[in-house]
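The values are calculated or read from the model by the stated rules, or taken from the named source; none is laboratory data. Quantities reported herein were computed from a predicted structural model and do not represent experimental measurements. Every residue, glycine among them, receives a Cβ derived from its backbone with ideal geometry; neighbour counts consider all protein chains shown.
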Amino acid sequence: MSFTEQLAAEVASRRTFAIISHPDAGKTTITEKLLLWGKAIQVAGTVKSRKSDRHATSDWMEMEKQRGISITTSVMQFPYKAATINLLDTPGHEDFSEDTYRTLTAVDSALMVIDGAKGVEDRTIKLMDVCRLRDTPIVSFVNKLDREIRDPIELLDEIESVLKIKCAPVTWPVGSGRDFKGVYHLLEDRYYLYQQGHGSELIADRTIDGLHNPDADATLGDEAANLRDMLELVQGASHEFDLGEFLAGRMTPVFFGTALGNFGVNHVLNGFVDWAPAPLPRKTAQRDVQPTEEVFSGFVFKIQANMDPKHRDRIAFLRVCSGRYEKGVKMQHVRIGKEVRVADALTFLAGERAHLEEAWPGDIIGLHNHGTIQIGDTFTGGEKLQFLGIPHFAPEMFRRVRLKDPLKSKQLQKGLKELSEEGATQVFMPQINNDLILGAVGVLQFDVVAFRLQEEYKVECVYENVNVSTVRWIHCDDERKLAEFRKKAHDQLSLDGGGHLTYLAPSRVNLQIMQERYPDIVFSPTREH
Ligand code: G4P
């Protein structure tokens with residue numbers, strides 16, 4: 001096989017996706033079952049153990065163990081059928097949503113998990129909004145069918161009206177709660193029977209072919225006739241699956257099951273293998289990059305410290321966009337204009353790090369970061385490209401940092417610089433004084449920063465309230481108008497961690513007034529890397 005053919009085959013076999021859901025809908029449980037199906041773990045229960053000791057393989061920071069929440073994003077690769085799946089985990093807690101948003105820029109599709117008893121919840125709505133920015137194709141899984149759930153037709157209606165996406169049921173539940181008997185697969189015309197008590201192992205499917213098969217009535221009793229009546233209603237009220245609509249992000253195939261009971265999870269995986277897009281072309285400031293281009297390129301969407309307490313290092317997560325990574329390959333680090341030889345990139349097999357020989361488009365590789373890599377950085381085979389669409393979001397919460405020991409201000413600055421480069425927080429330096437102001441999307445981010453400053457930089461700090469309610473990044477092509485604005489707004493201006501001019505607005509009203517007063521100035525709520 002020539003390299004071109006091999007590259008095309010590797011690209012075609014990749015599926016890179018993330019799970020989006022509201023906390024408690026079952027993301028951790030389904031992740032574990034996906035890994036079980038990918039034979040990446042032997043027994044379910046390895047990822048998530050008892051409540052008292054509740055953390056997944058993908059949770060490793062001390063903070064998250066203490067708080068029992070998943071702060072960080074990690075990556076799991078496993079084979080399934082002829083595909084190679086890259087599953088990107090995202091923090092469940094909304095205070096770390098920026099991390100999640102950026103992770104969603106590195107996937108080609110997403111799995112939306114919905115709690116069948118609760119329906120569409122807040123965080124799912126927000127995450128869907130982010131997916132919509134890139135029209136990411138969404139596969140849906142309605143979970144917890146082993147409990148009483150809401151009327152499935154009502155659930156689909158809610159998904160359609162709240163999330164503004166058409167639903168195409170692919171499976172339909174036969175009963176729920178105690179009477180949950182399985183699902184009927186509309187496209188395969190086949191019943192899959194639920195077998196209780198096999199949540200932690202892989203067992204062969206029990207199936208009955210044909211909606212009207214008398215075996216179904218014999219096995220399912222009245223539920224079979226109920227299902228047929230119901231399906232008539234469903235088929236009248238919902239959409240038929242249309243691949244083009246799915247790929248355009250306008251339609252979601254919907255599956256039903258129970259992650260805990262490991263039922264229906266393989267249907268979802270089959271859906272990804274059959275329908276989800278292989279790695280897609282990516283936009284750069286210069287041109288679109290096709291995954292089948294032979295020269296390597298990729299971008300960094302996340303930086304993580306202390307992945308492994310034994311290593312105490314910082315890992316930059318890079319999504320490969322084209323070509324092949326090979327051990328020892330030379331890459332151009334475009335922002336700093338330097339060539340680097342990478343011999344020790346990491347891969348993430350079910351959360352276990354391992355040294356990597358090669359990687360293909362859609363894969364995520366970990367680069368050791370000695371302080372030179374920032375979120376949004378592009379690596380190429382030499383061409384000067386800048387991948388687009390990896391945003392900084394304007395923080396909504398602000399604190400002034402005060403050192404307990406004033407002699408440690410150097411360490412504090414170093415720590416904040418590095419933590420802001422990896423996206424743990426954003427830092428702003430006002431022009432009128434020497435304050436350091438931290439911005440975050442969620443309040444827990446401040447706790448993480450204080451914790452890490454102490455652990456990693458031996459700096460103790462305290463936070464104080466500060467009169468800032470939001471920030472905007474400032475642009476203006478007209479030098480004269482910008483100079484005038486800088487003079488007038490001087491007391492509210494600051495530089496962010498990357499040296500970009502920002503306006504610190506004491507209130508929304510104040511921001512609005514300034515925007516009206518200076519119509520030529522662009523006040524941007526996001527900054528692209
Ligand atoms: P999350 O990552 O989205 O936050 O959800 P997670 O998987 O941790 O699941 C949240 C709770 O829902 C867990 O129960 C989990 O066992 C339960 N769960 C997940 N899938 C199903 C399902 O299909 N059916 C039922 N009945 N429950 C499900 P918990 O009591 O909070 O934790 P644990 O004691 O089970 O660990």
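Every residue in region 158-179 that is out of contact with any strand residue (DSSP E or B) (no Cβ under 7 Å at 6 or more places or on another chain) and in a loop (DSSP other than H, G, I, E, B), please.
Selection gives LYS164, GLY175, SER176.
For residues that are touching a residue at least 24 places away in the same chain (Cβ under 8 Å) and in a loop (DSSP other than H, G, I, E, B), tally how many sit in region 206-239.
Of the residues in that region, 3 qualify.
Would you mind stating whether GLY244 is closer than 26 Å to GLY26 by Cβ, out of contact with any helix residue (DSSP H, G or I) (no Cβ under 9 Å at 6 or more places or on another chain) and modelled with pLDDT of 95 or more?
In short, no.
Any chance region 116-130 includes a residue that's under 13 Å from LEU163 (Cβ atoms), free of Cβ contacts under 8 Å to residues at least 24 places away in the same chain and of a type outside the set (A, V, I, L, M, F, W, C)?
Yes, some residue in region 116-130 is under 13 Å from LEU163 (Cβ atoms), free of Cβ contacts under 8 Å to residues at least 24 places away in the same chain and of a type outside the set (A, V, I, L, M, F, W, C).
Anything in region 127-162 that is among the basic types (Lys, Arg) and surrounded by 20 or more Cβ atoms within 10 Å (Cβ to Cβ)? List them, or say none.
LYS144
Across region 165-206, what is the total count of residues that are at pLDDT 95 or above and within 27 Å of the chain's Cα centre (by Cα)?
Total meeting the criteria: 7.
Only one of these is within 15 Å of GLY257 (Cα to Cα) and acidic (Asp, Glu): ASP189, ASP205, ASP217. Name it.
ASP205
Take the conditions at negative phi, in a helix (DSSP H, G or I) and in the same structural domain as LEU7 (by the TED database) and apply them to VAL268. Does it pass?
Criteria met by VAL268.
One residue is enough: does region 404-414 have a residue meeting the conditions part of a helix (DSSP H, G or I) and small (Gly, Ala, Ser)?
yes
Return only the number of the condition from (1) within 30 Å of PHE387 (Cβ to Cβ); (2) in contact (Cβ under 8 Å) with a residue 40 or more places away in the chain; (3) surrounded by fewer than 12 Cβ atoms within 10 Å (Cβ to Cβ) that GLY498 does not satisfy.
(3)
Just give me the residues in region 22-35 being in contact with a Leu (Cβ under 8 Å, 6 or more places away or on another chain) and near the ligand (Cβ under 8 Å from one of its atoms), in sequence order.
Once the filter is applied, which keeps residues that are in contact with a Leu (Cβ under 8 Å, 6 or more places away or on another chain) and near the ligand (Cβ under 8 Å from one of its atoms), region 22-35 yields GLY26, THR29, ILE30, THR31.
Within the set of pairs 6 or more residues apart or between chains, which connect a residue that is over 10 Å from ASP520 (Cα atoms) inside region 477-488 to a residue that is at pLDDT 95 or above with Cβ atoms less than 7 Å apart?
These pairs meet every condition: ARG486/LEU493.
Among the strands (runs of 3 or more DSSP E) contained in region 418-489, which hold 3 or more residues that are surrounded by 14 or more Cβ atoms within 10 Å (Cβ to Cβ)?
Ranges flagged: 426-430, 437-440, 470-475.
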